[in-house]
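To start, I am sharing the structure in question, which I have written as structure tokens.
The values are calculated or read from the model by the stated rules, or taken from the named source; none is laboratory data. Keep in mind the model is a prediction, meaning the values are calculated, not measured. A quick note on method: Cβ atoms are made from the backbone with ideal geometry, for glycine too, and the neighbour counts reach across all protein chains shown. Accessible surface is based on the protein model in full, side chains and every heavy atom, while ligands, DNA and RNA are left aside. Shrake-Rupley method; radii C 1.70, N 1.55, O 1.52, S 1.80 Å.
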Amino acid sequence: MVMTRAEVQAVLGQLNGDKWLIASILYGSGLRLMECLRLRVKDVDFSRREITVHDGKGGKSRLTMLPELLSTPLEQHLRLVRAIHERDLAEGRGRVVLPEALDRKYPSAPTDWRWHWVFPQATWWKDARTGEQGRRHVHESLVQRAVKEAVGRADVCKHVGSHTFRHSFATHLLEAGYDIRTIQELLGHKDVRTTMIYTHVLNRGGQGVRSPLDGL
């Protein structure tokens, strides 16, 4: 299932705050939902307008674009998140779980701003053994619910979920004439045949093959 550009705009128009920003990244950068929620501050390069996805599907890492339209909203969002992080640190919290036990290799990293989630939860976690506290990233169910409700309010009569933004990203790039190999890299597909699925979408209805009746 793919949304039109107008449908994407309508659904995004029914979202706000971090849910709008998350959905905008899914569509604007082609990320999977969990790839977006697991972004850390260090993964966003504003100067190069790039997002680094670590350990995507199949354990692969890749680069994709940070849409220019999102640079300012994302910077504003991170300023608010950093203020929360600094308050957490002042209150003895502010830790984050690192991948592959990197906290043992870099003891100060769990409280380092660069390693913190771009989209942290509103609540804290607490390690019952050590007493340490911190925040996890936003739970995927909160985003999925927000998208479902936004689709209803936008009166989009399609089965649309958070992953539909990624499908729409790929399809709209193909419609714009971008190379299939470039889109493969942006999506992180191991095999170009996976990306080729989106060309089938283009061959349907008025956006693809011209009806012979229209040639009479």
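Could you look through the stretch 103-140, keep only residues that are in a helix (DSSP H, G or I) and open to solvent by 40 Å² or more (accessible area, probe 1.4 Å), and pick out the one that is nearest to residue 24 (Cα to Cα)?
Among those that are in a helix (DSSP H, G or I) and open to solvent by 40 Å² or more (accessible area, probe 1.4 Å), it is 140.
Considering only the stretch 39-53, how many residues are out of contact with any helix residue (DSSP H, G or I) (no Cβ under 7 Å at 6 or more places or on another chain) and farther than 18 Å from residue 79 by Cα?
Qualifying residue count for the region: 2.
Sticking with this one: Here's a check for you: in the stretch 184-199, which residue that is at negative phi and either touching a residue at least 60 places away in the same chain (Cβ under 8 Å) or among the aromatic types (Phe, Trp, Tyr) (or both) is least open to solvent (accessible area, probe 1.4 Å)?
Taking the candidates together, the pick is 187.
Right, next: With respect to residue 149, is the statement that it is open to solvent by 40 Å² or more (accessible area, probe 1.4 Å), more than 30 Å from residue 89 (Cα to Cα) and in contact with a strand residue (DSSP E or B) (Cβ under 9 Å, 6 or more places away or on another chain) true?
For residue 149, the condition - open to solvent by 40 Å² or more (accessible area, probe 1.4 Å), more than 30 Å from residue 89 (Cα to Cα) and in contact with a strand residue (DSSP E or B) (Cβ under 9 Å, 6 or more places away or on another chain) - is not met.
Any idea which of (1) surrounded by 10 or more Cβ atoms within 10 Å (Cβ to Cβ); (2) modelled with pLDDT under 90 is the one residue 72 doesn't satisfy?
(2)
Let me ask another. Name the pairs whose Cβ atoms lie under 8 Å apart, with the first residue in the stretch 141-160 and within 20 Å of residue 34 (Cα to Cα) and part of a loop (DSSP other than H, G, I, E, B), the second modelled with pLDDT under 95 and open to solvent by less than 20 Å² (accessible area, probe 1.4 Å), and 6 or more positions between them or separate chains?
Within 8 Å, the pairs are 160/3.
In addition: Out of the stretch 5-49, which residues are without any contact (Cβ under 8 Å) to a residue 24 or more places away in the chain and outside any helix (DSSP H, G or I)?
16, 45, 47, 48, 49
Any residue in the stretch 82-94 that is touching an Asp or Glu at 6+ places or on another chain (Cβ under 6 Å), surrounded by 13 or more Cβ atoms within 10 Å (Cβ to Cβ), modelled with pLDDT under 95 and more than 30 Å from residue 181 (Cα to Cα)?
Yes, the conditions are met somewhere in the stretch 82-94.
Filtering the stretch 1-18 down to residues that are within 12 Å of residue 171 (Cα to Cα) and of a type in the set (A, V, I, L, M, F, W, C), which residue is most open to solvent (accessible area, probe 1.4 Å)?
Looking at residues that are within 12 Å of residue 171 (Cα to Cα) and of a type in the set (A, V, I, L, M, F, W, C), I get 1.
Sticking with this structure for a sec: Out of (1) more than 12 Å from the chain's Cα centre (by Cα); (2) under 19 Å from residue 120 (Cβ atoms), the odd one out for residue 62 is which?
Going through (1) more than 12 Å from the chain's Cα centre (by Cα); (2) under 19 Å from residue 120 (Cβ atoms) one by one, residue 62 breaks only (2).
Right, another one. Do we have residue 62 as touching a residue at least 40 places away in the same chain (Cβ under 8 Å) and closer than 22 Å to residue 159 by Cβ here?
no
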